[in-house]
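Single-structure report; data block below.
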Amino acid sequence: WGDSATFLPATMYEYYGDKEMLETYYPLMKDWVDWITRQDQARGQKYQFDFAFTFGDWLALDGMTEQSFKGSTDDAYVSTCYYYASAKKVADAAKVLGKAEDASEYEALAEHIRQAILDEYFTKIDTQTAYMVALKFGLWIDKDRLTDGLRKRLDKDAHKIKGGFVGATMMCRVLAENGLEDEAWYMLFNHDFPGWLHCVDLGATTIWERWNSLLDDGSISGTGMNSLNHYSYGSVLEYIYRDMAGIAPAAPGFTKAV
């Protein structure tokens, strides 16, 4: 969740093109990445964020049970991939703000993290979320191999959503951007559990925290922690606007759009 320190300012700049706002939050972006780096350096610098508590792929359905708080995707893999993405966002912000030395420093850091991910994890994790994150952030040795692995994983999962707050939220966009648009449409318009329209069929007017916060008989799930107005899976709307409707920024602030 801490990566909001880099993702939110970067997203705000993408949507509004406001350099003054980006300058205001640039120290926050740096502070988050620098905190992770200091903790990593203190134990020998592995270029991995494999320490401290992290939520990982929260509420994913591929854990020990479908009611587990976490799925099967390794927490350290998720955190390290986001560490990489955050370092890249700091580098990109530095370029926009004319901070050349910072840009070089954080680009180099990001490349070290990327190599550490490829060395440590590339052949180890066979989950929907692991593939989604790698494709989202450009973390691959062979993209065709990665995409093929995702196709096979979806087949094994009977084309059902297995990812949680990391994997499911980016799923449709990643599928659409990597030649799997048919899968993205299928996931979005599926009426079976788990899925957006399954919730709608049960009367949902807001997004739930869990796919099964309400059971098929209309009763509240006994899992606990069942918010019925919880944004996370609502991020599928970005896929609808960008990829289905086809309105995407080609320059900050939509000064150019596709």
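Quick notes on this structure:
- One residue stands out among those in the range 59-78 that are out of contact with any helix residue (DSSP H, G or I) (no Cβ under 9 Å at 6 or more places or on another chain), touching a residue at least 40 places away in the same chain (Cβ under 8 Å) and buried (at least 16 other Cβ atoms within 10 Å of the Cβ): the one that is farthest from Thr127 (Cα to Cα), which is Glu66.
To keep it simple, each residue is scored yes or no on (1) under 24 Å from Leu154 (Cα atoms); (2) open to solvent by 30 Å² or more (accessible area, probe 1.4 Å).
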{"site": "Thr37", "(1), (2)": "no, no"}
{"site": "Phe49", "(1), (2)": "no, no"}
{"site": "Tyr83", "(1), (2)": "no, no"}
{"site": "Glu107", "(1), (2)": "no, yes"}
{"site": "Ile113", "(1), (2)": "no, no"}
{"site": "Leu118", "(1), (2)": "yes, no"}
{"site": "Ala134", "(1), (2)": "yes, no"}
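- The set of residues in the range 205-230 that are hydroxyl-bearing (Ser, Thr, Tyr) and at pLDDT below 90 comprises Ser221, Thr223.
- Residue within the range 177-186 that is touching a His at 6+ places or on another chain (Cβ under 8 Å), in a loop (DSSP other than H, G, I, E, B) and at pLDDT 95 or above present: no
- Here Ile141 clears all of (1) more than 20 Å from Phe55 (Cβ to Cβ); (2) surrounded by fewer than 22 Cβ atoms within 10 Å (Cβ to Cβ); (3) modelled with pLDDT of 95 or more except the condition numbered (3).
- Criterion (surrounded by fewer than 19 Cβ atoms within 10 Å (Cβ to Cβ), out of contact with any strand residue (DSSP E or B) (no Cβ under 7 Å at 6 or more places or on another chain), in contact (Cβ under 8 Å) with a residue 12 or more places away in the chain and closer than 30 Å to Asp18 by Cα) met by exactly one of Asp126, Asp102: Asp102
- Condition met for Gly179 (of a type in the set (Gly, Ala, Ser), open to solvent by 20 Å² or more (accessible area, probe 1.4 Å) and under 17 Å from the mean Cα position of the chain (by Cα)): no
- From Leu188, Leu139, Leu135, Leu202, residue being over 20 Å from Tyr239 (Cβ atoms), in contact (Cβ under 8 Å) with a residue 40 or more places away in the chain and not aromatic (Phe, Trp, Tyr): Leu139
- Residues being open to solvent by 10 Å² or more (accessible area, probe 1.4 Å) and outside any loop (DSSP other than H, G, I, E, B) - total across the range 150-169: 6
- Scanning the range 143-180 for residues that are charged (D, E, K, R) and touching a helix residue (DSSP H, G or I) at 6+ places or on another chain (Cβ under 9 Å) yields Lys143, Arg151, Arg153, Asp157, Lys160, Lys162, Arg173, Glu177.
- Hey, Gly56 touching a strand residue (DSSP E or B) at 6+ places or on another chain (Cβ under 6 Å) and crowded, with 20+ Cβ neighbours inside 10 Å or not: yes
- Per-region count, the range 189-208, residues assigned to a helix (DSSP H, G or I) and surrounded by fewer than 13 Cβ atoms within 10 Å (Cβ to Cβ): 2
- A count restricted to the range 121-143 and to residues that are assigned to a loop (DSSP other than H, G, I, E, B) and small (Gly, Ala, Ser) stands at 1.
The values are calculated or read from the model by the stated rules, or taken from the named source; none is laboratory data. The structure presented is a predicted model; accordingly, all values stated were derived computationally and were not measured. All Cβ positions, glycine included, derive from the backbone under ideal geometry; neighbour counts span all protein chains shown. Note: areas computed on protein heavy atoms with side chains; ligands, DNA, RNA excluded. Shrake-Rupley method; radii C 1.70, N 1.55, O 1.52, S 1.80 Å.
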